[in-house]
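Reading through the structure tokens given below for one structure.
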Amino acid sequence: MTKQTRPTGDILAFDPVPREPGFGVYVHWPFCAAKCPYCDFNSHVRHKPVDQARYAAAFERELAEAARRSAGQTVTSIFLGGGTPSLMEPATVARILDAVAANWTIANGAEITLEANPSSVEAERFRGYRAAGVNRVSLGVQALNDRDLKLLGRLHDVEQALHAIGLAREIFPRLSFDLIYARPDQSVDAWEAELTRAIDLAADHLSLYQLTIEEGTPFFALHKAGKLIVPDGELSAELYEATQRLTAARGLPAYEISNHAVPGAESRHNLTYWRYGLYAGVGPGAHGRLMGADGRHAISNEPLPETWLKMVESWDSGAVVDELLAPSEEADELLLMGLRLTEGIDLARWRRLTGRDIDATSEADLRAHGMVERLGPDRIRATPAGMLVLDAVVADLA
């Protein structure tokens, strides 16, 4: 296959009238400098330097195998996630993006995102990522006060976060950063002040997540012991509603339950997930959805980096799960993902998967309680109230 040049042009704009979800490539870099106490992602701390050349070679092999299973697809987005991808050398990122370009056609204007932590940011490294082809960076800021950054186990302080945001705005065409709210002792007034500051700093996208206590994390043990108190349901709802109100007023409305953007700057890659598109997932613990001759396959990789590495070096794949989804399972996933979006889901697509309509009684009950609404005859979405109890809404409709 003829090798392409890595794209560095403008990113594809959000399509407000969704047609095809696009095809994404997700690459998981599993290593972190430290494990945050709230994190249940597949991330690992290693106290010896990681052999990046060896991992890059494994990524190349698994990308080639994923391309073999998705021949004919055009890549509309690439996402380097983790872990902490900004611990990769720019040369490692370049090898990965070269491998994507060698195995698929990449759309003009493809979105290429790299996650970065402010503590691992330096100008030379950022410019190296930009030269490699990255055109969007997502910064894990998480809080804009030093007390809460320390509570969350972050390795950076506010000064470093502001430095990273400034560099990213200077170097990359697109920037997003994350904040966590509903933190211990956080009031609505304090969150509104912090969010206002974040919006002033933002370029065109913010990811705003409520703190969740995940089983198996240090925060879970502290919470269970009564040593970590987080806002109750009523206060959490007030914080969520304040988030929606303030971001909308400042021109970054929610397009997904936790993601806000200037219209046209929505994350192309994440829209592929939420619009239930296909994507290749490579790296330790990565997930993918690829279409085979028999239908859509759900693929999950071995999470332990060293085990995944040996598997790929032996068999070109680190997959430990590769199962054909039944149409009913696809329909459930379509609901679960699509109802996160303010655009909702296409009911004609639901019918093609299931051979039936949404249950009229369940929908009528949810509409009567203000949980869902129709957007024309063939599109349904959760209301702002429904977003607060989205799992229950999905369960009722499914």
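The values are calculated or read from the model by the stated rules, or taken from the named source; none is laboratory data. Keep in mind that what you see is a predicted model, and the values were worked out from it rather than measured. Because the Cβ atoms are built from the backbone with ideal geometry, glycine has one as well, and the counts that use them run over all protein chains shown. Accessible surface areas use protein heavy atoms only, side chains included; no ligands, DNA or RNA. Shrake-Rupley method; radii C 1.70, N 1.55, O 1.52, S 1.80 Å.
Checked against (1) of a type outside the set (Gly, Ala, Ser); (2) at pLDDT 95 or above; (3) crowded, with 20+ Cβ neighbours inside 10 Å; (4) outside any helix (DSSP H, G or I), ILE96 passes all but a single condition, namely (4).
When the residues of segment 324-341 are filtered to those that are assigned to a helix (DSSP H, G or I) and in contact with a Leu (Cβ under 7 Å, 6 or more places away or on another chain), the one that is surrounded by the fewest Cβ atoms within 10 Å (Cβ to Cβ) is PRO327.
Table: residues versus (1) of a type outside the set (Val, Ile, Thr); (2) in contact with a strand residue (DSSP E or B) (Cβ under 9 Å, 6 or more places away or on another chain); (3) under 18 Å from HIS163 (Cα atoms); (4) part of a helix (DSSP H, G or I).
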position: GLU194; (1), (2), (3), (4): yes, yes, yes, yes
position: ALA198; (1), (2), (3), (4): yes, yes, yes, yes
position: GLU214; (1), (2), (3), (4): yes, no, no, no
position: LEU222; (1), (2), (3), (4): yes, no, no, yes
position: LEU228; (1), (2), (3), (4): yes, no, no, no
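Per the listing ARG379, ARG296, the residue uniquely touching a residue at least 24 places away in the same chain (Cβ under 8 Å), charged (D, E, K, R) and open to solvent by less than 30 Å² (accessible area, probe 1.4 Å) is ARG296. May I ask you to verify whether SER314 is open to solvent by 60 Å² or more (accessible area, probe 1.4 Å), of a type in the set (S, T, N, Q) and touching a residue at least 12 places away in the same chain (Cβ under 8 Å)? Taking the combined requirement at face value, the residue does not satisfy it.
The residue list TYR279, TYR273, TYR240 contains one member that is open to solvent by 10 Å² or more (accessible area, probe 1.4 Å), in a helix (DSSP H, G or I) and over 17 Å from LEU179 (Cα atoms), which is TYR273.
Taking each residue of segment 189-205 that is of a type in the set (Phe, Trp, Tyr) and looking for partners that are surrounded by 14 or more Cβ atoms within 10 Å (Cβ to Cβ) and part of a helix (DSSP H, G or I) with beta-carbon atoms closer than 7 Å, six or more apart or interchain, yields TRP191/LEU239; TRP191/ALA242.
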